[in-house]
Amino acid sequence: MRTMRFYLPGICGYGLSFQLDGFRMVFALLAVFAWTMALVASIEYMKHDKHPGRYYFFTIVTLLATLGVFLSADFFTALIFFEIMSFTSYTWVAQTEKEAALRAADTYLAVAVIGGLAILMGLFLLYHMYGTLDFEALGRLVQGAQPTTMRYAAGVCILIGFGAKAGMFPLHIWLPKAHPVAPAPASALLSGMLTKCGIFGAIILASRLFAGDEAWGIMILVLGACTMFIGALLAVFALDLKRTLACSSVSQIGFITTGVGMCDLLFGEHALAAHGTMLHMINHSLIKLVLFLSAGIIYMNTHELDLNKIRGFGRRKPFLKGCFLAGALAIGGIPLFSGYISKSLLHESILEYGGGGWIKLLEIIFIVSGGMTVAYMTKLFVTVFVEKNADAALQERYDTNREYMKPFTAAAVGIPAAGLLLWGWMPHRLMDRVAELGSGFFALEEAGEAVHYFSGENLIGAAYSIAIGAFVYLLVIRRLLMKKNEAGAKVLVDRWPVWLDLENSVYRPILLGFLPTLFGLLCRIFDSLLDGAVVLLRKTIYRDTPLPRYYSEGNALTRALGKVLNLWRDLANHTWRRSHPVEKDYVHLLAIKSDEIAQSNLIITRSVSFGLFLFGVGFCLMLFYVIAGDLHF
């Protein structure tokens, strides 16, 4: 496909640059499709919400911002739309305005702001080194040059920002908290599309700034392996429907990140990794659209997400059962479904690289994480669509509820579910051709060889994952995570240790407790030292010179004003206030007030805190000038 570029000069000083190629076109169309399905489903889902207008407004703005990220041609344009997207999508998480929602929104916003500041710092470094932020220009400038420490520093800063949005370990903490509280259609977009904006930045780094760099590729693979394994483990232990799907998103982002790392290590011969990465990005977006909208339908009817409470809801709902099953089989990597194709490509890219024991360990983590995916999706499907609820009356109500969704909501779920089936059944006719559209974006020079998706080796890899999934489901979920309640029915129980919650055990105590206390103490120490130095200088080198005429208190102004007030006091005491005379000495009172003001001003002007305040004001003004003024980098 022919590449087209657009430039809007003068906006935010630097100007905005856009590019349209095969990859960007695919994800722009995918975003429009996903938003259309989510908005259609929102008509019924948001019917009883208190603030539907706010939700729809920010949903549209977030779509425009997401398109801006996918179509950006330089880091500056990507950052502008990335930050808009972060702030507008914050309203999704806080939509219900409940305590849990506001707390999750705080976490989401904190991660987004920290990530945005990290990207900004990386861009300052990049522009200082190369004088441009254009993706293609940066790729040409670094080609053949050895990475420097400053380039690594810039790359890590940018990766922190984009990785946080993608849900990459260890900045994945917002995903399991935000999805359960956000409206289900918004969760589908948060998980399916906004995370891909983070992956977009990671791909740019791997294919432009660090193409073929082994150290960078290994770092990305380590992050990918941790993300896909930890996300899958969290999903196995989760008891909430949407939380399970959110943790699943973390895991699938890990699979995609692994593909990005393999693109870097295999650069020049990375067709398998590039195609697998792109196709799994698409697959995950469609799968989470189906699964989260299905979860929304369940919540609309039950107002519950706890798996024990919604158990058996879908037993007699074949349409919803079929749609959910299509998404579950696809994300589990079951043959004949779309997820199998993209995961096979990613697995083959690992085998293609070969290498020593560490690459074998990566392959094991890849297969085990795929097996845990099968296990937790089996847990969801069996619980909601196969087993009966422990409450017989509630199960009867579930079974007799036939009008559980409107036709347009069914279309919003059914169309992408059908797409998953069609997509997976014709991998060579559809998936391979779409993957080839991303060749330019991944800097591919060759299309790569045709892959035999249903070869014995690929089917054996899928069989290993299915076998591991069966083992985890039968021996971990059914035995360790279930027990009999008082009525004798088996229910899921929470076995996840509280101390393993990174947000509450690590991030909040450190970022909101330890670090503010530490830096506050240091600032007080430095402030006291500076004040002590000032006092010492005043008593030694800069000793005050005696005034030619010393007044006991106040100054000329306070004395003059005090004398006038004293005359007025005496006049009053001898006339209308004769029975209740005033005894105040206004010369003395005004002198005291004057001294208090003078001392306060002296303390403030000599204080380090005042200096830090002025620095903060100046820094904010500088940022405002950079973003909104005519300053050129």
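The values are calculated or read from the model by the stated rules, or taken from the named source; none is laboratory data. As the structure is a computational prediction, the values presented were derived from the model and not from experiment. Cβ atoms come from the backbone with ideal geometry, glycine included; neighbour counts cover every protein chain shown. We work out accessible area using only protein heavy atoms, side chains counted, and drop any ligands, DNA or RNA first. Shrake-Rupley method; radii C 1.70, N 1.55, O 1.52, S 1.80 Å.
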(message) Return the pair list, or none, for Cβ contacts closer than 6 Å from residues in the stretch 287-308 that are within 17 Å of Gly332 (Cβ to Cβ) and modelled with pLDDT under 90 to residues that are charged (D, E, K, R) and surrounded by fewer than 24 Cβ atoms within 10 Å (Cβ to Cβ), at least 6 apart or on different chains.
(response) none
(message) Tell me yes or no: at least one residue of the stretch 202-218 is surrounded by 24 or more Cβ atoms within 10 Å (Cβ to Cβ), touching a Cys at 6+ places or on another chain (Cβ under 7 Å) and farther than 26 Å from Tyr473 by Cα.
(response) yes
(message) Here is a list: Glu396, Glu436. Which entry is touching a His at 6+ places or on another chain (Cβ under 8 Å) and open to solvent by 20 Å² or more (accessible area, probe 1.4 Å)?
(response) Glu436
(message) Taking the conditions exactly as written (at negative phi, open to solvent by 60 Å² or more (accessible area, probe 1.4 Å) and either within 20 Å of the chain's Cα centre (by Cα) or without any contact (Cβ under 8 Å) to a residue 60 or more places away in the chain (or both)), does Thr36 satisfy them or not?
(response) yes
(request) Kindly provide the set of residues from the stretch 121-145 that are open to solvent by 40 Å² or more (accessible area, probe 1.4 Å) and part of a helix (DSSP H, G or I), ordered by number. (result) Met121, Phe124, Leu125, Tyr127, His128, Met129, Tyr130, Glu136, Arg140, Leu141
(request) Return yes or no: is Gly440 small (Gly, Ala, Ser) and not in a loop (DSSP other than H, G, I, E, B)? (result) no
(request) Among the residues of the stretch 139-192, count how many are hydroxyl-bearing (Ser, Thr, Tyr) and within 19 Å of Val111 (Cβ to Cβ). (result) 2
(message) For the stretch 580-596, give me each residue that is open to solvent by less than 90 Å² (accessible area, probe 1.4 Å) and either not polar (S, T, N, Q) or not in a helix (DSSP H, G or I) (or both).
(response) Pro581, Val582, Asp585, Tyr586, Val587, His588, Leu589, Leu590, Ala591, Ile592, Asp595
(request) Sort through Val382, Val413 and tell me the only one that's assigned to a helix (DSSP H, G or I), closer than 21 Å to Asp240 by Cα and under 29 Å from the mean Cα position of the chain (by Cα). (result) Val413
(request) Only residues that are open to solvent by 30 Å² or more (accessible area, probe 1.4 Å) and small (Gly, Ala, Ser): list them for the stretch 334-382, please. (result) Gly355, Gly356, Gly357
(request) For the stretch 213-243, name all the residues that are part of a helix (DSSP H, G or I) and among the small types (Gly, Ala, Ser). (result) Ala215, Gly217, Gly224, Ala225, Gly231, Ala232, Ala235
(request) Test Arg479 against the stated conditions and say whether it is modelled with pLDDT of 75 or more and open to solvent by 50 Å² or more (accessible area, probe 1.4 Å). (result) yes
(request) Any chance you could count how many residues in the stretch 345-378 are in contact with a Ser or Thr (Cβ under 9 Å, 6 or more places away or on another chain) and among the hydroxyl-bearing types (Ser, Thr, Tyr)? (result) 4
(message) I need every pair where a residue in the stretch 320-332 that is in contact (Cβ under 8 Å) with a residue 24 or more places away in the chain has its Cβ under 9 Å from the Cβ of a residue that is basic (Lys, Arg) and surrounded by fewer than 23 Cβ atoms within 10 Å (Cβ to Cβ), sequence separation at least 6 or different chains.
(response) Lys321/Arg315
(request) Exactly one condition in (1) at pLDDT 70 or above; (2) within 23 Å of Asn283 (Cβ to Cβ); (3) out of contact with any His (no Cβ under 8 Å at 6 or more places or on another chain) is not met by Leu444; state its number. (result) (3)
(request) With the condition kept exactly as written, say whether any residue in the stretch 544-555 is at pLDDT 70 or above, open to solvent by less than 70 Å² (accessible area, probe 1.4 Å) and within 30 Å of Ile597 (Cβ to Cβ). (result) yes
(request) Go through Ala326, Ala330, Ala295 for me and flag whichever is open to solvent by less than 10 Å² (accessible area, probe 1.4 Å), touching a Phe, Trp or Tyr at 6+ places or on another chain (Cβ under 6 Å) and not β-branched (Val, Ile, Thr). (result) Ala330
(request) Scan the stretch 170-190 residue by residue and report those that are among the small types (Gly, Ala, Ser) and at pLDDT 85 or above. (result) Ala184, Ala186, Ser187, Ala188
(message) I'm checking my understanding of the structure. Among residues of the stretch 57-116 that are among the charged types (D, E, K, R) and out of contact with any Asp or Glu (no Cβ under 9 Å at 6 or more places or on another chain), which one is least open to solvent (accessible area, probe 1.4 Å)?
(response) Glu83
(message) Name the residue that is modelled with the lowest pLDDT, counting only residues in the stretch 418-434 that are closer than 24 Å to Lys321 by Cα and among the aliphatic types (A, V, I, L, M).
(response) Met426
(request) Starting from residues that are under 17 Å from Leu362 (Cα atoms) and among the hydrophobic types (A, V, I, L, M, F, W, C), keep the ones in the stretch 333-350 and report whichever is nearest to the chain's Cα centre (by Cα). (result) Leu346
(request) Return the total of residues in the stretch 139-158 being among the β-branched types (Val, Ile, Thr) and closer than 15 Å to Phe75 by Cβ. (result) 3
(message) Go through (1) modelled with pLDDT of 85 or more; (2) buried (at least 24 other Cβ atoms within 10 Å of the Cβ) for Ile160 and report which single condition fails.
(response) (2)
